[in-house]
Amino acid sequence: MSEINTRKRGKKWEYRFEGAKIDGKRKQYSKSGFATKKEAIEAGTKAYAEYNASGIAFKPNELSVSDYLDYWFDTYVKMNLKYNTQIGYLNIIEKHLKPSLGMYKLCSVTPKTIQEYVNRLKLKGFSKSSVVGIITTLSGAYNYAIEPLNYVSFNPCDRIKYPKFEKSVKERVILTTDEFKQIIRRFDEKSNFYIPLLIGYYTGLRISETFALTWDDINFENKTLSVNKITVKRNYGIDVRTVYQKKGKKEEKSAWYFGSPKTSSSFRTIPIGNTLVNALKTHYEKQKETEKEYGEYYTKLYIKPEKDEKDNTIHRIVEIEAGIPCALKEAKLICRRENGQFISTDSFKYCSRVIHNELKLAFDYHSLRHTHATILIENGVSPKTVQERLGHTDIKTTLQTYVKATKAMKSEAVDVFEKAVQ
C-alpha cells in the first residue's frame, strides 16, 4: 500500500502518493497549497482513498438518498434530458423526495418505506398523476443506482401498489359568443392582448404558438397562418439546481427562446377568415407607424443562436433599441408592446386574472382553443379537419379532450333522429 508523503514547499505543504504504473512507469499524484502539515495529510488520505475507489469520494453503503439524488441529477439528468424535463425533475427532488426520504441511506430504503410514502401523498390530497410523477422520478434514480453504478441491488419502487384515486376531470370552459365579445370589449384594440385573444379564438392556437408568431408566418394574399415555432422560457446565467434551493427571493435570471412545436403534427399552415385577416392588417400598419414614432428608441427583437446543455443550437430572443447597430437576424413578432418590447406568455396571466376577477368568467388561454374546436364541431366541420387545424397527432385527442357534447349538439342529435324515423 502506498504511503502518503508530505513536504514543505516554501510556506505551504504538499501531499504526494504513488498510483498504479502507466506504460510501466511510476505515476505520482500530488497537491500543494496547504497551510499546515496536518491539513496536507488529511487531504492526501482522502484523495488516496478516493483514488483506490476509482474516483468515488464516498462509500455507496453510507450514501444518503439526498446526496445520491444530487449525484444522479448531475451525472444523468443534466447530461441526458431536455432542459424543461430537468426543471421538472429538480422540482420533484427538492420539494418532495428530499424532504420526505432524503435522510435515509440509499441502500436501506425498502418497498415498505415507499409504499407508506405513496399512501401519505394520497392522504394529503395529491392527484394520482402527481404521485406517479414523484415515484417515477425516484424509480428512475434507483434504476441508475442499480445499473451502471452497482450501488444497490434492487429498486424499492418496483412493487408499489397505488391506492385508489378519485378520477378528476378538468372542466374546460366553452365561451359563448357574448362572453368573448365581453372579453374583447375589456381588452380592445388599444390593449396588448387584443390580437393574442383574437388569434386564439379564431385559430385555436396554443398560447406558446401564438406568442411566437412573426409577420412572415402570415400570408395575407392566401389568408393563411403558419405554425413553425413556439416561445420557451429558460433560466440562464446560474446553475439550474439553484432554482429550487434558493431560499426567499429567487435570484435566477430567465430569457425567452424560440423552440420547436409540440409534435411534428403541430407544424401546420391553416386558413384564416376575414375577421382575423383584417385585424392583423390593421395591427401590422399600426405597428409600422409606432416604430416610426419611437424612432431610435423603438425596441427591436433579434434572434441570438446559443448552445444548450447538449450542445444543440437554440435561439434566444433579445431586445435591442433601434438606435444600436445589431448584426443578428431580426424577429418581427406580431405580439409585442407598443414600444416594440417582447410580450411573453407570462404577461398574459394578467389578462386571465382580469377576466376572472372583473368579468367573473372561468377562463385561461386554452379556453379559446377549446371553444374554437367545439364551435367547429357544432357547425358540422369534420373531426379530421379540426384535428389538423389544432395540430393534434391523434384524432382521439381532438374528440376526447377538446370536443364535448354541448346543448346544441344534444338537441341536434334528437332532431336528426326524429327526422330519420318519420
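The numbers here are math on the coordinates, done by the rules we state, and not lab data. Here the structure is a predicted model, which is why all the values come from computation and not from measurement. Note that we place each Cβ from the backbone using ideal geometry, even for glycine, and neighbour counts take in every protein chain shown.
Mind listing the phi-derived Karplus ³J(HN,Hα) values for segment 277-290, rounded to whole Hz, using 6.51, -1.76 and 1.60 with θ = phi - 60°, and x for any glycine or proline?
Result, ordered by residue: 4, 5, 5, 5, 4, 4, 5, 4, 5, 5, 5, 5, 5, 5 Hz.
Using r as the Cβ-Cβ distance of Gln182 and Ile320, and R0 as 25 Å, what FRET efficiency do you calculate, to the nearest 0.05?
Computed FRET efficiency for Gln182 and Ile320: 0.05.
Would you mind estimating how fast segment 205-345 diffuses translationally, via Stokes-Einstein at 4 °C and 1.567 mPa s with the Kirkwood radius over Cα pairs, in µm²/s?
This corresponds to a translational diffusion coefficient of 77 µm²/s.
If I compute mean projected area of the Cα convex hull in nm² from the structure I just sent, which labelled value in [x] 32.9; [y] 19.9; [z] 25.8 lines up?
From the options [x] 32.9; [y] 19.9; [z] 25.8, the structure gives [x].
Identify, among Gly340, Tyr71, Ser130, the residue whose Cα sits farthest towards the positive end of the charge dipole of the chain, taking +1 on the Cβ of Lys and Arg and -1 on the Cβ of Asp and Glu, with the dipole about the Cα centre.
My answer, from the dipole projection, is Tyr71.
Might you report the magnitude of the Cβ-based charge dipole of the chain about its Cα centre, with Lys and Arg at +1 and Asp and Glu at -1, to the nearest 20 debye?
The dipole magnitude comes to about 1540 debye.
How high is the relative contact order of the chain? Use alpha-carbon pairs under 8 Å, at least six apart in sequence, and give a whole percent.
13 percent
Quick one: which residues, 5+ away or cross-chain, put their amide H under 5 Å from the amide H of Phe34? H built at 1.01 Å from N.
So Phe34 has HN proximity to Trp13.
Could you tell me which of Ile270, Thr393, Ser30 has its Cα farthest along the dipole of the chain towards the positive end, charges placed at Cβ (Lys, Arg +1; Asp, Glu -1), taken about the Cα centre?
Farthest towards the positive end: Ser30.
Strictly over 26 Å apart at the Cα level, which of Lys128/Lys384; Lys82/Lys288; Lys223/Lys262; Lys95/Lys349; Lys122/Lys349; Lys223/Lys332 would you flag in this model?
Beyond 26 Å between Cα atoms: Lys128/Lys384; Lys82/Lys288; Lys122/Lys349.
If you build a Gaussian network model of the chain, linking Cα atoms that sit under 10 Å apart, which residue out of Arg16, Arg159, Arg26 swings the most?
With Cα springs under 10 Å in the chain, the top fluctuation among Arg16, Arg159, Arg26 is at Arg26.
For segment 62-146, what is the convex hull volume of its Cα atoms per residue in Å³?
Each residue corresponds to 88 Å³ of Cα convex hull volume.
Just going by the charge dipole of the chain, with Lys and Arg at +1 and Asp and Glu at -1 on Cβ, which of Leu280, Leu106, His315 is farthest out on the positive end?
The residue sitting most towards the positive pole is Leu106.
Explain nothing, just the number: dipole magnitude of segment 268-406 about its Cα centre with +1 on each Lys and Arg Cβ and -1 on each Asp and Glu Cβ, in debye rounded to the nearest 20.
420 debye
Give me Rg/Rg_expected for segment 97-203, where Rg uses Cα atoms only and Rg_expected = 2.2 N^0.38 Å with N residues.
In units of the 2.2 N^0.38 Å rule of thumb, it is 1.78.
Give me a comma-separated list of calculated 3J(HN,Hα) values for segment 311-328, in order, Karplus coefficients 6.51, -1.76, 1.60 applied at θ = phi - 60°, integers in Hz, x for any Gly or Pro.
Karplus values, whole Hz, x for Gly and Pro: 6, 7, 7, 10, 10, 8, 8, 10, 10, 9, 5, 4, x, 9, x, 8, 8, 6.
Among Lys329, Lys307, Lys11, which one shows the biggest mean-square fluctuation in a GNM of the chain, springs joining Cα atoms closer than 10 Å?
Looking only at Lys329, Lys307, Lys11, the largest GNM fluctuation is found for Lys11.
Where nothing but the Cβ of Lys and Arg (+1) and of Asp and Glu (-1) is charged, how large is the charge dipole of segment 205-345 around its Cα centre, in debye to the nearest 20?
My answer is approximately 600 debye.
Between Ile146 and Lys262, how many nm apart are label points set 7 Å from Cα along the C-beta direction?
Taking the simple label geometry, Ile146 and Lys262 are separated by 3.3 nm.
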